[in-house]
Every structure is written in C-alpha cells, then in structure tokens.
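Inspection log for the structure reproduced underneath, given as structure tokens.
The values are calculated or read from the model by the stated rules, or taken from the named source; none is laboratory data. What you see is a predicted model; the values in this text were computed from it and never measured. FYI the Cβ positions are ideal-geometry reconstructions off the backbone, even for glycines, and counts take in every protein chain you see.
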Amino acid sequence: MFQNNNSVDEFDQDPMSWSMQLENHFCGEFSMASIQSNLKMEDKSQVEVCNYATFVGIYDGNKGDSAARYLNNYIFKDLLDRIEKYLKRYNMTKDAAKEIMLQSFSEMEKQFTEIADFGYTSWKNPYMSVVSSGCLICLIWGRELYLANLGDSRAILCSNQPGSELLVHPMLRDHNCRNVEIPQELESLHGHDDTICSNVFGEWRVKGLSETSRCIGNAYLKKAEFTTESGFKAAPGEEVTSIFTEPVLSAEPELYTRDLDGTEKFIIFGSGGFWKLLTNEEAAKIVNDHPREGIAKRLAAQAVKVAAERWGLAYREVMLAPKGVKISGKPCTSSELIKPLYHDDITVIVVYLDLNLPVTVDSETYNSYRSHSDSVLPSGFGYDVKVDDHWDYGKIGDEYGET
C-alpha cells in the first residue's frame, strides 16, 4: 500500500486535522499529527525534549476527554518529580525506573478516581465514573528506552540489522478485546463470571461496555460500590446487566525496556484509532519509504484513506462527515452517519533515532509540544541533570529493593 499526495493535500484541507512537520529531540527528529472525529478531541498527546532525554505520551480518551486531558497535564510532571527525587539520593537503575513508572500510573489512577467518586457534587458522579483513557508513555534517557502502556495505543520500533530487511517490533501488546489474548486473560481472572466479555453487535467488550481491559478511569467497572450502592445510578446506556463485586478492569500498565544499540531507525506511536486502520508493517513501510518532513501527517492521511475505502467512499466524503458521538451497538440510518462511524480520533507520532549522529537540543529551548496545539511551551525537564552523572546502571540504589 502506498500513500499518494492527494490524501496529504486533503488532510491539509480538513479543519479537524493538525500536524507538526519536524522538530529536533536530543537523538534525532520527530513529527506529530492528529485528526479529530468525536465531538471533543478525545486523543491527547505530548512530546517533551531536552538535551539528554525525550518523553512521548499518547492518551486515548473514551466517553469524553477528561481522563486524557488529566494525563496530558499531570503524568509527565509526576514522573519527572519522582525521577528527580530519586536522583538526589541514588543513581538510576532499570528496576528503579520501572517502579517509578508504576508509581506514576498508580497516582494518576488514584487522583482521577477521586474525581469520579465526588465529581462536582458530594456524591458519586455517574458521568465521570465511565470516562477513561489509555496511557502510552515512553522515556528515552541516553541510550535507555522505557515504555509503559495500558489500553490500545501502540508503539512499534523499527530497526535495521546488518544484512537484513527492516525489522518491525511491537514493543507491548494492546489491551483491546479484539486481541484474542485479552478475552482469554479476562476469563482466567474471572472464571466465575460468564458475562465478563460479551459480544455486542459484533464487538467484544468487557461486561459489554469497555473495549479495553486496562485504562485510567472508568471507576464504574473497578469499584464495587458503583454497582452495589442503591444511591448510585449509572449514566444512560452504561448500565451493566449483571452485578459484580470485584474490579473487571485494571489500571496496571505493562512495561518494556531496551538498551539502544544504534541499529534502531524510528518508533511509530499511535492511538487505537490509528492502529485500527493500518498494520504495523504498513505504517513502517510508509515511514521507511518516504522523506521525514511531514511523515506523521502522511501516516494519518493514509489511515483516513483506508477508512474511506472500507466504506466505498472518497477521502473527502469521510473528511466532511460531521463530528459526533457513536453510540456503541446502536445501528444508524444513512441520515445519521457521522465521522466516528468511519474512524475514531487519530493520533500518530514518529520519532527518528539518530543515535550515531551528533544531534543536540539547545538547553535554552527545552520544549513541550502538545497535539492539536501550535503553542510551544517550556518543558518540565530540568537543566541541571546530566545523564553520565545520574543514569548509571553500574551503581544500584536500595530504595526499591534492587539486588
């Protein structure tokens, strides 16, 4: 499959699209793009750069953008605060870095659940209790890569080994019920519940409601009191048909670490809406075969082109469809067709890794880039941290019990 320039041109004409062409990070360049489909843009993402590290985050919201916005605003700061606190006492280890990531996810879940518990009232908020977000974050610090994911966003690493073709490596699995591993995992954890994973109009969902088995938020499917207390009434369309008394969703991410050796070429980060339309290999081939400038826009445009072809439509017809809210499982008439029926919100970030080239970022321009925004903000990365001084895997701290 090859991308033609017509789709890229139509991407530029879409008022719901946004892209950032090419910017530097400490060991290469990166590009970002996104396309809104829902009434509110539920995907949020960020890239944070400094001269010793790069942070990438994609937050794929569901049933609203509140959880994704919360993660976009707070998880990087929480993670960095924990790292800087640790580095004041110890040199970093792989086990410590992974534990810090787990702690940040746990804190985000705790804080956002408190919003659902009380919301803007003194009682549990039925609408906030079903809002959730996936969370995919990556920290590249020197020649170490750390990835954490829950939900159905995905990151694939593409590398060239001597004498071989481009190698495409999905670093972590998706937690989407379309992945055959997920229903099996749910059934093993909840063998007593024969309704744990239900097929609703051809789509497998946890309790018939959630497409993913892991997320930040959706307290309704994690805390028993939301279904057992008589004072709580679920939001319309979110009622479960069978009561449960233990969490059916998880907020625990899966982790991946890698020592970068210079053979890695690029990483493609995408939200669930992107990966529903392109395979890992298709996306990797587009990046590998085209110039860097505007590469994320090219990928997003190709995803919409695929969505249009699946419906027998032209790109422009999908582009001009109105934004809306897709009610899961509810058939629509031709007069009700809205953009989310063709594709979900789409976010894609391409990070090139030029580890053997002298790429630097000026310490005066440590920047934060956010999707769907042309404003460049100061990054939270500190100016006084140096990789060689603090990120030394030959020295082990004891705060997290490493041996």
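Structure notes:
- Failed item, numbered, when ASP117 is tested on (1) over 20 Å from LYS40 (Cα atoms); (2) modelled with pLDDT of 95 or more: (2)
- Test: residue in the stretch 318-326 that is assigned to a helix (DSSP H, G or I), crowded, with 16+ Cβ neighbours inside 10 Å, of a type outside the set (Lys, Arg) and at pLDDT 75 or above: yes
Table: residues versus (1) over 17 Å from the mean Cα position of the chain (by Cα); (2) over 21 Å from ILE216 (Cα atoms).
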site: GLN46; (1), (2): no, no
site: GLY57; (1), (2): no, no
site: GLY61; (1), (2): no, no
site: GLY64; (1), (2): no, no
site: LYS88; (1), (2): yes, yes
site: ASN91; (1), (2): yes, yes
site: LYS98; (1), (2): yes, no
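- Residue match in the stretch 9-28 (condition: crowded, with 19+ Cβ neighbours inside 10 Å, among the aromatic types (Phe, Trp, Tyr), closer than 13 Å to ASP345 by Cβ and touching a residue at least 24 places away in the same chain (Cβ under 8 Å)): yes
- Within the stretch 62-77, being closer than 16 Å to PHE269 by Cβ, of a type outside the set (Val, Ile, Thr) and in contact with a Ser or Thr (Cβ under 7 Å, 6 or more places away or on another chain) holds for ALA68, LEU71.
- Matching residues, the stretch 240-254, being in a strand (DSSP E or B) and either surrounded by fewer than 17 Cβ atoms within 10 Å (Cβ to Cβ) or in contact with a Pro (Cβ under 6 Å, 6 or more places away or on another chain) (or both): GLU254
- Some residue of the stretch 26-33 being closer than 21 Å to PHE269 by Cα, of a type in the set (S, T, N, Q) and part of a strand (DSSP E or B): yes
- Options LEU136, LEU102, LEU147: the member that is in contact (Cβ under 8 Å) with a residue 60 or more places away in the chain and not in a strand (DSSP E or B): LEU102
- Test result for GLU187, surrounded by fewer than 16 Cβ atoms within 10 Å (Cβ to Cβ), modelled with pLDDT of 85 or more and among the acidic types (Asp, Glu): yes
- Hey, GLY262 assigned to a loop (DSSP other than H, G, I, E, B), at pLDDT 90 or above and either on the phi > 0 side of the Ramachandran plot or out of contact with any strand residue (DSSP E or B) (no Cβ under 7 Å at 6 or more places or on another chain) (or both) or not: yes
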